[in-house]
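Reading through the structure tokens given below for one structure.
The values are calculated or read from the model by the stated rules, or taken from the named source; none is laboratory data. Treat the numbers as computed from the prediction; the structure is a model and nothing was measured. Every residue, glycine among them, receives a Cβ derived from its backbone with ideal geometry; neighbour counts consider all protein chains shown. These accessible areas exclude ligands, DNA and RNA; they are computed on the full protein's heavy atoms, side chains included. Shrake-Rupley method; radii C 1.70, N 1.55, O 1.52, S 1.80 Å.
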Amino acid sequence: MSILSLQNVVKRYPMGQNEVLALKGVSLTVESGELLAFAGPSGSGKTTLLNIVGCLDQASEGEVILDGQRVQGLSAAALGLLRAEKVGFVFQSFNLIPVLSALENVELALRLGGQPPDRARAEQALVDVGLADQLHRRPNQLSGGQQQRVAIARALVKAPKLVIADEPTANLDSVNGAAVLDLMRKLNEERGATFLFSTHDNLVLSRVNRVVRLRDGEIVADERVSR
Ligand SMILES: Nc1ncnc2c1ncn2[C@@H]1O[C@H](COP(=O)(O)OP(=O)(O)O)[C@@H](O)[C@H]1O
Ligand SMILES: [Mg+2]
């Protein structure tokens, strides 16, 4: 079964008296376990698309089916539950809570996902991303690459079916960017979760197995890459 199916998804944002047409009818199917990047210039609609797919926002028109469930028309509360159950996010700017340690940041994600506190599980998630020695450090005591690893552990601790990373390497140097991508690729292979990235970084494009190119809110190319 497909993890994700989009049919003619349109997104309009109000802009004063006018509106911006950010997605102009996007149709796409993603199979479970894919490692896919949305590529395209700034303003092409990548973040808008990831937000809709990740149940952070809703389409203005069209059909979105996530893991067999229709997303369109759900209440905000139902959308939040679906997101908590199925989606892990890795944000470009990491979005870690500065006063919490790495471990506490990951534990909080479990709690926000409606799961019981589980220190051992949170620790294991950090061990899995190579941070066994940094459990008790706060974000400002970690490098950018390490912070992004905490963000990955936080996204994966709930074992989501879908992991979404919006420009995951944008705030990393090329060495840390490559390491973080190799880590996500490994987790993709080991866990079978589906990973969706947005990027305009060639480093990312060389490490995924499908590239979907967007321009002005439309898909202009869809290429499978064997690796
Ligand atoms: N909240 C918003 N309100 C109004 N316009 C928006 C909003 N978010 C994005 N847009 C517009 O939608 C288009 C697509 O933006 P975005 O999805 O952020 O593209 P990308 O992530 O590829 O840079 C752009 O024209 C952008 O200005
Ligand atoms: Mg963006």
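Observations on the structure shown:
- Residue-averaged [θ]222 nm for the chain, counting only DSSP H segments that reach four residues, each worth -39500 (n - 2.57): -10000 deg cm²/dmol
- Cα gyration tensor, the stretch 126-185 - rounded (a/c under 1.5), prolate or oblate: oblate
- Count Lys and Arg as plus one, Asp and Glu as minus one, and take only other residues whose Cβ is under 13 Å from that of Ala221; the net charge is then +1.
- Dipole moment magnitude, nearest 20 debye, the chain about Cα centre, only Lys, Arg, Asp, Glu C-beta charged: 160 debye
- Choice from Ser101, Ser44, Ser75 showing the highest fluctuation, given a GNM over the chain with Cα pairs closer than 10 Å: Ser75
- Once the Cα atoms are used to define both axes, helix 144-156 deviates from the longest principal axis of the chain by about 70 degrees.
- DSSP bridge pairs, the chain: antiparallel proportion in percent, nearest 5: 55 percent
- Dipole of the chain [Lys/Arg +1, Asp/Glu -1 at C-beta], most positive-end residue of Leu142, Thr199, Gly45: Leu142
- Whole-percent carbon and sulfur share, accessible surface of the stretch 113-227, 1.4 Å: 42 percent
- Taking the C-alpha atoms only, the angle from helix 174-191 to the longest principal axis of the chain is near 80 degrees.
- Cα centroid separation - the stretch 156-212 against the stretch 77-101, whole Å: 16 Å
- Environment charge at Cys55 (Cβ cut-off 9 Å; Lys +1, Arg +1, Asp -1, Glu -1): +1
- Residue-normalised accessible area of the chain, given per residue in Å² at a 1.4 Å probe: 46 Å²
- Over the stretch 35-88, the fraction of Cα-Cα pairs per 10 Å bin, rounded to whole percents and listed from the shortest bin up, is 23, 53, 23, 1.
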